[in-house]
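Working notes, beginning with the structure itself.
The values are calculated or read from the model by the stated rules, or taken from the named source; none is laboratory data. As the structure is a computational prediction, the values presented were derived from the model and not from experiment. So basically every Cβ, Gly included, is an ideal-geometry build from the backbone, and we count neighbours across all protein chains shown. These accessible areas exclude ligands, DNA and RNA; they are computed on the full protein's heavy atoms, side chains included. Shrake-Rupley method; radii C 1.70, N 1.55, O 1.52, S 1.80 Å.
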Amino acid sequence: MPKDKEKDTDKKKKKEAKAAKEDKEEASEPKEEDKAEDDESEKEEAPKRRKRKRKEPKGSTMMDKLWNLITLGIAGGLMYCRYNGIPVPYVDDFILYMKGQAGLGGSGAQRHDAHSTLADVKDGKAIVLEDLLMQLNRFCGSRGRCSDDYWEALPNVAIGLKRGPGTWDRKPLKKAKAQEIDDILAKMAKQPSARKLPNWKALRDISKELFDVTPKSMKPSLASKLAYESKTPPAAGSAEPEEEEKKPKDDIVVDDL
């Protein structure tokens, strides 16, 4: 009898140990419901993380936009100067230096701008209307008020243009450039220095060169052609003065007595 009791107790202990093991295994294994809940929570958190990542650089985007605007402004200014032949300090020198380093123009690559083309005409070399536009922008400006040195060199400029490409290989000038040259030449006709016969003759020759390469649609509207129709400059008192800004006069108020 005692032996049977011992066997029963051993069986009970084994059953209890087995049950405890199974409980532990069940506790350690994640339930399917828990897995599904975890998957759903991960799916919900994923777009939130993406939004956080997108929202994080908000402060830097304003600086990036500002920097992009500044860069575009600088690039646009450089393109405008290049298109109109306006020299850009330091940038032109750097480009020439890089050309020399690359062997494109040699270490002593010649500069091509308003100053160099003006020196060319003084040395009796030929130029084209694109060179003239560079000179007008640099030495005269949009109002046609040229420096004294440029007025002195103007007859040589006209000679240099005549020595340029012959009529057989001349290409029509772009409308924008032709219009800009025409505007400046027309305003130069109103300057006192234009009344000197050598300068007037030079301006007439330059206007003819411009007329020859201007697109046909623009030729009837060229102001410089009309300005230099006369072979002789206008008299000192007959030239039209430049228009000045009219200041409004102060109204005189009379008090009733």
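Just to be sure, is Ala176 at pLDDT 90 or above, within 22 Å of the chain's Cα centre (by Cα) and of a type in the set (A, V, I, L, M)?
Answer is yes for this residue.
So, of the residues in region 147-163 that are open to solvent by 20 Å² or more (accessible area, probe 1.4 Å) and out of contact with any Lys or Arg (no Cβ under 8 Å at 6 or more places or on another chain), which turns out to be modelled with the lowest pLDDT? Outline the logic, then answer.
First, pick out the residues of region 147-163 that are open to solvent by 20 Å² or more (accessible area, probe 1.4 Å): 147-149, 152, 155-156, 159, 162-163.
Subsequent filtering for residues that are out of contact with any Lys or Arg (no Cβ under 8 Å at 6 or more places or on another chain) retains 147-149, 152, 159, 162.
Values: Ser147: 94, Asp148: 94, Asp149: 95, Glu152: 96, Ile159: 94, Lys162: 89.
It comes out as Lys162.
When only residues in region 202-229 that are touching a residue at least 60 places away in the same chain (Cβ under 8 Å) and open to solvent by less than 20 Å² (accessible area, probe 1.4 Å) count, which is farthest from the chain's Cα centre (by Cα)?
Filtering region 202-229 down to residues touching a residue at least 60 places away in the same chain (Cβ under 8 Å) leaves 206, 209-210, 213.
Pick out the ones that are also open to solvent by less than 20 Å² (accessible area, probe 1.4 Å) and you get 206, 210, 213.
Numbers: Ile206: 30, Leu210: 27, Val213: 27 Å.
Ranking the qualifying residues of region 202-229, first place goes to Ile206.
Inside region 178-201, can you point out the residues that are aliphatic (A, V, I, L, M) and either open to solvent by 30 Å² or more (accessible area, probe 1.4 Å) or part of a helix (DSSP H, G or I) (or both)?
To start, the set of residues in region 178-201 that are aliphatic (A, V, I, L, M) comprises 178, 181, 184-186, 188-189, 194, 197.
Listed by number, the residues that qualify are Ala178, Ile181, Ile184, Leu185, Ala186, Met188, Ala194, Leu197.
Quick check, is Arg82 open to solvent by 100 Å² or more (accessible area, probe 1.4 Å), out of contact with any Gly (no Cβ under 6 Å at 6 or more places or on another chain) and at pLDDT 85 or above? Please lay out each step first, then the result.
On the way: open to solvent by 100 Å² or more (accessible area, probe 1.4 Å): yes; out of contact with any Gly (no Cβ under 6 Å at 6 or more places or on another chain): yes; at pLDDT 85 or above: no.
No.
Please indicate, with yes or no, whether at least one residue in region 126-142 is farther than 29 Å from Ala235 by Cβ, open to solvent by 70 Å² or more (accessible area, probe 1.4 Å), assigned to a helix (DSSP H, G or I) and acidic (Asp, Glu).
First, pick out the residues of region 126-142 that are farther than 29 Å from Ala235 by Cβ: 126-131, 133-134, 137-138.
Next cut, open to solvent by 70 Å² or more (accessible area, probe 1.4 Å) only: 130, 138.
Still in the running and assigned to a helix (DSSP H, G or I): 130, 138.
Checking which are acidic (Asp, Glu) leaves us with 130.
Scanning region 126-142, I find at least one residue that is farther than 29 Å from Ala235 by Cβ, open to solvent by 70 Å² or more (accessible area, probe 1.4 Å), assigned to a helix (DSSP H, G or I) and acidic (Asp, Glu), so the answer is yes.
Which of the residues that make up region 112-125 are open to solvent by less than 50 Å² (accessible area, probe 1.4 Å) and on the phi < 0 side of the Ramachandran plot?
Asp113, Ala114, Ser116, Thr117, Leu118, Ala119, Asp120, Val121
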